[in-house]
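Asks: Take this structure first; my questions come after.
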Amino acid sequence: MKTIKNLLAVAAAVAGTAAYAVKPNNRRAAAKRFDGLLYAHRGLHGENGSAENSLAAFAAARAGGYGVELDVRLTADDRVVVCHDDDLTRLCGREGRISELTYAELSEYTLSDGQHIPLFEEALEVLADSPIICELKSSGRMQAHLCKLTMEVVDRFSPVLCIESFDPQVVQWFKVNRPEIVRGQLACRHSFDP
């Protein structure tokens, strides 16, 4: 019984340390920039004919006065692109994985509205001063590499930005390397059969 209690105590300590290490940035001044706004998830798309995470969807969101949530991931040649899915079947109607395609190859794919999958920098140009919630999709690749390349783009544009990820290592990277960036840990309920 004592061994179980010791194991539980160690597990609780490890869990507490991990939670503290990736806790969201609670600086009110920085986070306040995101309060009181409506956000267009993957841009303002659908009924207006724009595809999700497209430049047209971002332009429509900005014109409507919305903040934007978008998703970024890496191509095979380390370009930061805006796309929710790594598999292109749903979005482009063709097989292919962003993580296995160079940006030149990816540019041959089109979204439902005929547009290309945009580079993150193209999205930031369209969104200008709009608040952006940016989810980093690590896809099992090196998280630090994704974080660094994303920040190289961010540093060129200085957007009003919040970084989020389901990957706690991404959130931890920003806590250590870019603590001034507002960040959030995403989570979802996973069910399992014991």
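The values are calculated or read from the model by the stated rules, or taken from the named source; none is laboratory data. Owing to the predicted nature of the structure, the values given are computational and were not obtained by experimental measurement. Positions of Cβ are backbone-derived with ideal geometry, glycine not excepted, and every protein chain shown enters the neighbour counts. Side chains included, ligands, DNA and RNA excluded: accessible areas come from the protein's heavy atoms. Shrake-Rupley method; radii C 1.70, N 1.55, O 1.52, S 1.80 Å.
Asks: Can you pull out the residues in the stretch 44-87 that are part of a loop (DSSP other than H, G, I, E, B), under 17 Å from the mean Cα position of the chain (by Cα), closer than 13 Å to Ile117 by Cα and not β-branched (Val, Ile, Thr)?
Replies: Glu52, Asn53, Ser54, Arg79, Cys83, His84, Asp85, Asp86 - these are the residues of the stretch 44-87 that are part of a loop (DSSP other than H, G, I, E, B), under 17 Å from the mean Cα position of the chain (by Cα), closer than 13 Å to Ile117 by Cα and not β-branched (Val, Ile, Thr).
Asks: Moving on. Go through the stretch 93-132 and count every residue that is of a type in the set (A, V, I, L, M) and either under 16 Å from the mean Cα position of the chain (by Cα) or open to solvent by 50 Å² or more (accessible area, probe 1.4 Å) (or both).
Replies: Counting residues in the stretch 93-132 that are of a type in the set (A, V, I, L, M) and either under 16 Å from the mean Cα position of the chain (by Cα) or open to solvent by 50 Å² or more (accessible area, probe 1.4 Å) (or both) gives 8.
Asks: Is one or more of the residues making up the stretch 72-79 open to solvent by 60 Å² or more (accessible area, probe 1.4 Å), without any contact (Cβ under 8 Å) to a residue 12 or more places away in the chain and not aromatic (Phe, Trp, Tyr)?
Replies: No, the stretch 72-79 contains no residue that is open to solvent by 60 Å² or more (accessible area, probe 1.4 Å), without any contact (Cβ under 8 Å) to a residue 12 or more places away in the chain and not aromatic (Phe, Trp, Tyr).
Asks: I would also like to ask the following. Name every residue in the stretch 125-157 that is polar (S, T, N, Q) and either at pLDDT 90 or above or within 18 Å of Ala57 (Cβ to Cβ) (or both), in order of residue number.
Replies: Hits for the stretch 125-157 are Ser130, Thr150.
Asks: OK, next. Tally the residues that are closer than 15 Å to Val72 by Cα and touching a residue at least 40 places away in the same chain (Cβ under 8 Å), restricting the search to the stretch 153-173.
Replies: Qualifying residue count for the region: 3.
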